[in-house]
Each structure stands twice: as C-alpha cells, then as structure tokens.
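The values are calculated or read from the model by the stated rules, or taken from the named source; none is laboratory data. Computed from a predicted structure; not experimentally measured. Neighbour counts run over all protein chains shown; Cβ positions are idealised from the backbone, glycine included. Note: accessible area is taken over every heavy atom of the protein model, side chains too, but ligands, DNA and RNA are not part of it. Shrake-Rupley method; radii C 1.70, N 1.55, O 1.52, S 1.80 Å.
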Amino acid sequence: MLRTEQDGAMTGHTIAGEHTGQHYSEVLARLSRNAAVQRYLEIGVAHGDIFAGIACRHGIAVDPEFQLRTNVAANKVRVSLFQVMSDLFFEHLNLRRDLGGRLDLAFLDGMHLFEFLLRDFLNTEAICRRDSIIVMHDCLPVAEPMADRDPVQAGIRGRGTPFENWWTGDVWKVVPILARFRPDLEVMLVDAPPTGLVIVTGLDPASRTLGRNYEAIVEEFSRLPNTAEEIAQVYAEHPLVPTEEALRRLGGRSYANGSGWLRRLTG
Ligand SMILES: C[S@@+](CC[C@H](N)C(=O)[O-])C[C@H]1O[C@@H](n2cnc3c(N)ncnc32)[C@H](O)[C@@H]1O
C-alpha cells in the first residue's frame with residue numbers, strides 16, 4: 001500500500017512510497033477476462049504490451065506512432081488500429097461503422113498532460129454505456145519530478161533517484177477535476193505499480209458537463225501548482241484501494257451476452 005509521507009518526512013521530491021499491488025498490466029488483463037469484455041479501446045498503445053494481454057472480441061487501438069513489438073491480435077477476434085492522435089480519432093469516429101457499438105472497457109494512456117487526458121476521458125465516456133469501465137493510467141505519481149509537464153525536465157530532475165526516466169506528466173489533475181465537476185461518477189484510486197490506476201464507473205454518456213466547461217476547467221487547473229504538496233492532497237482526499245479489492249468490487253459484470261466463443265477466449 002502506498003504511504004503518504006507527512007510531518008516533514010517528505011524526502012526530496014518524494015510524495016509517497018511505491019505502489020505495492022498487482023502490476024497494472026495484470027489488473028487490466030484480469031479485468032478484461034472477469035467482465036468478458038466485447039469491445040476494448042486503448043488510447044496510447046506504444047509497443048502493444050498491455051493491448052496484447054487484453055481478452056475481448058474487438059480491440060481498438062489508437063496511437064499516432066505505433067511501435068508494435070508483440071502480437072496485438074492475441075486473445076481477440078478482431079483488431080482495429082487507428083494511427084492518429086486521439087482527438088482526430090474521436091472527430092472522425094462513426095460508432096456503428098468503426099466499432100460496431102459502445103465500449104465495455106477503455107484504457108486511457110495517451111499524451112500525459114491533463115488537458116489531453118480530460119478530452120480523452122470526456123470523448124470516451126460519450127461512447128460508453130452506464131455500466132462500462134474507464135481506466136486511466138499514471139494519475140498517481142509517487143515523486144514530484146515524474147509529474148513535470150516536460151518529459152525532458154522530468155528526466156533531468158529524476159536523475160539519480162529510484163524513479164529515473166519515469167514520466168507521468170500532470171494527468172493527476174484529472175482526479176480533482178472529476179471530483180469537482182462530476183461528483184456523480186464513481187472514481188477509484190488503485191494501488192497498481194508503477195504509477196497507479198484510476199478506475200471510473202457509473203458513467204453518464206449523455207453528460208456534457210466536462211465538454212461545456214472544458215476551457216474554464218483547463219484555465220483554472222493550469223494554475224493549480226504541479227507540486228508534491230498538491231499531489232499529496234489527492235492521496236489525502238481519496239482512499240487508495242488495493243488491486244485485489246478493486247477487482248473484487250468490479251466483479252459480477254459480464255458483457256458477453258452468453259457468446260460461446262467469447263467465453264472460450266476469456267475463460
Ligand atoms: C506511455 S505510452 C503507452 C503505453 C501503453 N499503453 C502500455 O502501457 O504499454 C504513450 C503512448 O501515447 C501515444 N500518444 C501520444 N500522444 C497521443 C495522442 N494525442 N493520442 C493518442 N496517443 C498518443 C504515444 O505515441 C505513446 O505510444
């Protein structure tokens with residue numbers, strides 16, 4: 001379990017101890033199997049390592065620069081690759097033609113700047129159902145340097161620390177944004193190494209709150225300091241859920257509608 005370091009014990013730029021649950025790849029793979037996911041979207045796919053571990057009928061991958069090094073078709077019947085930035089993907093998306101229906105599970109891991117993740121979240125929610133699951137990566141940094149908006153600066157500032165070359169950017173700001181503007185959502189902060197998972201359920205695909213207020217939100221949260229103290233506040237305000245407990249809470253969902261072949265894929 002991750003510990004916030006209080007009472008002046010904040011050493012250097014460290015915010016907290018390292019996450020100690022199951023690795024995020026394992027959590028996502030198990031989630032896809034437990035819920036017998038039909039349609040899975042991943043934004044920011046890089047080498048395809050996480051995508052390959054997901055079991056589903058149709059996997060949809062979005063990345064402006066794929067660097068695939070693994071069999072992304074593994075555990076799937078159908079795969080669609082969109083080699084574009086996520087904004088362009090959503091702009092041109094025809095839900096029925098391109099995806100065949102609404103998403104069951106989405107993993108958002110594209111550009112690590114909060115305004116990008118906020119757009120990815122609101123665009124993804126609009127093509128989900130109420131009972132779909134959205135998982136966001138890197139929102140729980142464990143040291144301040146990795147949260148720098150500039151990946152080069154993050155690298156320089158992290159040199160010589162245990163977190164050398166880690167970059168989460170400032171996507172952690174999406175947690176207080178959702179808490180303030182979308183209190184109707186169920187947001188779970190999960191203790192998955194290396195930099196946490198934020199799992200959102202109880203979605204409202206018809207909600208326009210984030211879209212309508214997008215400019216004002218970005219303006220306001222750009223001014224929120226990107227510091228260890230502010231990040232520690234996120235940990236202080238939200239309980240951190242162990243990965244096993246998170247999977248248990250999300251259990252009982254199945255999107256398979258009794259499809260025999262999907263059961264075989266995910267079993
Ligand atoms: C951290 S990597 C993703 C890693 C992968 N999800 C995993 O866990 O193995 C981030 C990826 O986001 C992609 N990316 C950057 N900007 C993006 C954007 N605007 N839309 C979609 N993907 C983006 C990058 O090309 C990069 O491959």
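Checking residue 84 against (1) in contact with a Leu (Cβ under 9 Å, 6 or more places away or on another chain); (2) within 12 Å of the ligand (Cβ to nearest atom), which test does it fail? Result: residue 84 fails condition (1) only. Among the residues of this structure, residue 43 counts as one that is within 14 Å of the ligand (Cβ to nearest atom) and β-branched (Val, Ile, Thr).
Can you find a residue that is in contact with a His (Cβ under 8 Å, 6 or more places away or on another chain) and either within 15 Å of the ligand (Cβ to nearest atom) or open to solvent by 10 Å² or more (accessible area, probe 1.4 Å) (or both) anywhere in segment 117-138? Looking through segment 117-138, at least one residue is in contact with a His (Cβ under 8 Å, 6 or more places away or on another chain) and either within 15 Å of the ligand (Cβ to nearest atom) or open to solvent by 10 Å² or more (accessible area, probe 1.4 Å) (or both).
Among the residues here, residue 63 qualifies as within 16 Å of the chain's Cα centre (by Cα), buried (at least 23 other Cβ atoms within 10 Å of the Cβ), near the ligand (Cβ under 7 Å from one of its atoms) and not polar (S, T, N, Q). Restricting segment 42-56 to residues that are open to solvent by 10 Å² or more (accessible area, probe 1.4 Å) and part of a helix (DSSP H, G or I), the residue that is nearest to residue 199 (Cα to Cα) is 50. Is it true that residue 105 is part of a strand (DSSP E or B), at pLDDT 95 or above, open to solvent by 60 Å² or more (accessible area, probe 1.4 Å) and not charged (D, E, K, R)? No; evaluated as a whole, the condition is false for this residue. In segment 77-92, the condition of being over 15 Å from residue 62 (Cα atoms) and not in a helix (DSSP H, G or I) is met by at least one residue. Of all residues in segment 232-252, which are within 17 Å of the chain's Cα centre (by Cα) and among the aliphatic types (A, V, I, L, M)? Once the filter is applied, which keeps residues that are within 17 Å of the chain's Cα centre (by Cα) and among the aliphatic types (A, V, I, L, M), segment 232-252 yields 234, 240, 241, 246, 247, 250.
The residue pairs whose first member lies in segment 163-178 and is without any contact (Cβ under 8 Å) to a residue 24 or more places away in the chain, whose second member is crowded, with 23+ Cβ neighbours inside 10 Å, and whose beta carbons are closer than 6 Å, counting only pairs six or more residues apart or on different chains, are 163/143; 163/146. Restricting the first member to segment 134-149 and to residues that are within 30 Å of residue 39 (Cβ to Cβ), and the second to residues that are open to solvent by 10 Å² or more (accessible area, probe 1.4 Å) and among the aromatic types (Phe, Trp, Tyr), the beta-carbon pairs closer than 7 Å and six or more apart or on different chains are 137/24. Can you give me the number of residues within segment 14-41 that are among the acidic types (Asp, Glu) and either open to solvent by less than 10 Å² (accessible area, probe 1.4 Å) or assigned to a loop (DSSP other than H, G, I, E, B) (or both)? Of the residues in segment 14-41, 1 are among the acidic types (Asp, Glu) and either open to solvent by less than 10 Å² (accessible area, probe 1.4 Å) or assigned to a loop (DSSP other than H, G, I, E, B) (or both). Of all residue pairs spaced 6 or more apart or on separate chains, those with beta-carbon atoms under 7 Å, a first member in segment 227-247 that is within 13 Å of residue 16 (Cβ to Cβ) and a second member that is of a type in the set (Phe, Trp, Tyr) and part of a helix (DSSP H, G or I) are 231/172; 234/172. Quick one: which of 199, 217, 231 is assigned to a helix (DSSP H, G or I), modelled with pLDDT of 95 or more and under 17 Å from residue 136 (Cα atoms)? After applying the criteria, what remains is 231.
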